[in-house]
1. Taking the stretch 323-335 on its own, how many of its residues are surrounded by fewer than 18 Cβ atoms within 10 Å (Cβ to Cβ) and either of a type in the set (S, T, N, Q) or not in a loop (DSSP other than H, G, I, E, B) (or both)?
2. Which of (1) closer than 23 Å to S127 by Cα; (2) in contact (Cβ under 8 Å) with a residue 12 or more places away in the chain; (3) touching a Lys or Arg at 6+ places or on another chain (Cβ under 7 Å) does Q277 not meet, given it meets every other one?
3. Limited to the stretch 224-239, what total is found for residues that are in a helix (DSSP H, G or I) and either within 21 Å of the chain's Cα centre (by Cα) or modelled with pLDDT under 90 (or both)?
4. Answer yes or no as to whether D344 is modelled with pLDDT under 85, acidic (D, E) and either surrounded by fewer than 16 Cβ atoms within 10 Å (Cβ to Cβ) or outside any loop (DSSP other than H, G, I, E, B) (or both).
5. Any idea which of Q197, Q188 is among the polar types (S, T, N, Q), farther than 29 Å from N329 by Cβ and at pLDDT 95 or above?
6. List pairs: first in the stretch 233-245 and over 18 Å from A164 (Cα atoms), second not small (G, A, S), Cβ under 6 Å, 6+ apart or cross-chain?
7. Within the stretch 257-289, can you find the residues that are surrounded by fewer than 19 Cβ atoms within 10 Å (Cβ to Cβ) and part of a helix (DSSP H, G or I)?
8. Of all the residues that make up the stretch 63-84, how many are under 23 Å from the mean Cα position of the chain (by Cα) and either assigned to a loop (DSSP other than H, G, I, E, B) or among the hydroxyl-bearing types (S, T, Y) (or both)?
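The values are calculated or read from the model by the stated rules, or taken from the named source; none is laboratory data. Everything numeric in this text was worked out from a predicted model, so none of it was measured. Because the Cβ atoms are built from the backbone with ideal geometry, glycine has one as well, and the counts that use them run over all protein chains shown.
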Amino acid sequence: MILNQISLLNYKNIASADLALSPKMNCFIGSNGEGKTNLLDAIHFLALCKSSTTSQDAACIRHDEDFCVLQGVFEHEDGVREEIYLGMKRGQKKQLKRNKKTYKRLTEHIGLIPLVMVSPLDSLLISGGSEERRRFLDVVISQTDHRYLDALVCYNRALQQRNALLKQEDPAPDEDVLELWEQEMARQGQIIYEARQKYVEEFVPIFQRIYAFVSQQREQVDLKYVSHAQRGPLFDVIRRDRAKDLAVGYSLHGVHRDDLEMSLGGFPIKREGSQGQNKTYLIALKLAQFDFLRRTGSQTTPLLLLDDIFDKLDASRVEQIVHLVSGDNFGQIFITDTNRDHLDQILARLDSDYHLFHVQGGEILP
């Protein structure tokens with residue numbers, strides 16, 4: 001997939017921009033806080049119907065403005081064009097159109113434009129709670145499996161209904177109704193569990209290979225999927241501690257508690273990893289995601305967004321990453337940095353076209 005052109009109006013600190021893009025490498029240079037990440041975030045929004053930095057859509061609208069508009073002209077490998085329009089107004093639902101036709105459900109769009117973004121916020125995968133690591137799984141699997149995405153929506157709805165009943169005190173919740181929602185959680189949760197398990201099994205060897213390349217075999221890493229569904233039939237697991245759930249007022253068991261155990265040298269990376277090792281781990285995770293998406297789903301090479309990825313890495317690891325992303329396995333890349341030297345290293349390796357943009361105060365100039 002290639003993004004040929006993007007237009008932004010009132011998106012975060014970018015008042016207006018209309019960019020023609022390189023099919024291979026697009027570099028955005030500028031100081032912190034100027035708008036580089038916002039441009040990448042706009043691409044993320046057009047592909048995945050949401051911002052990479054906030055769950056509040058209204059936060060993406062420029063201060064003192066009532067609306068924002070994003071438009072992108074994409075092109076498949078076979079030359080077929082896709083015109084994607086996203087409009088948001090304060091207090092209203094966002095509107096997404098594909099080739100001037102409005103989607104009935106935003107989930108229908110997920111997977112059309114596969115995308116992987118590497119950013120400083122990825123550090124939450126290591127330092128944050130399990131919800132960050134579940135989101136990491138959900139974002140990539142949802143782009144390749146609509147059945148999974150539908151199951152996720154249904155499971156979360158059932159979970160919300162069960163939790164509402166668990167909080168109910170007078171009258172006490174109806175046990176038959178509770179069981180209906182537990183059955184729905186178990187049914188949809190099994191679909192989610194099996195997809196996550198299959199994904200992790202395929203993903204881990206790719207991840208380990210990329211980490212070994214970037215670190216030049218200095219460390220061994222692993223990633224383990226942990227789920228309540230591994231304890232037996234999910235319905236039994238969810239129902240077993242209903243008394244405890246009633247006491248605390250929410251559901252203690254289910255796939256909404258799944259996690260990924262991340263290790264370095266056999267120990268939790270959260271405790272053992274240096275800043276450089278953590279950064280290498282996260283970049284390897286995301287580049288493995290890219291490889292997985294490239295080989296599955298729509299059979300379209302994903303867009304790769306690299307936001308300030310070289311900070312806290314030693315020169316040898318920077319060199320290895322530069323070598324990787326300059327290779328033929330990657331399609332269109334968008335990269336930001338405050339350091340022109342890093343970008344020059346990458347551009348020096350390229351035999352193909354590139355565009356370099358300067359970002360200052362929300363303005364994007366060639």
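1. The qualifying residues number 3.
2. (3)
3. Pass one, the stretch 224-239, residues in a helix (DSSP H, G or I): 228-231, 234-239.
Going one step further and asking which of them are either within 21 Å of the chain's Cα centre (by Cα) or modelled with pLDDT under 90 (or both), we end up with none.
Looking only at that region, the number is 0.
4. On the way: modelled with pLDDT under 85: yes; acidic (D, E): yes; either surrounded by fewer than 16 Cβ atoms within 10 Å (Cβ to Cβ) or outside any loop (DSSP other than H, G, I, E, B) (or both): yes.
Yes, satisfied.
5. Numbers: Q197 fails: farther than 29 Å from N329 by Cβ.
Only one candidate qualifies: Q188.
6. Cβ pairs passing all conditions: L234/Q190; V237/H228; V237/R231; V237/H253.
7. R257, K270, R271, E272, Q275, G276
8. Initial filter on the stretch 63-84 (under 23 Å from the mean Cα position of the chain (by Cα)): 68-77, 82-84.
The next check asks that each one be either assigned to a loop (DSSP other than H, G, I, E, B) or among the hydroxyl-bearing types (S, T, Y) (or both); those that pass are 76-77.
The total comes to 2.
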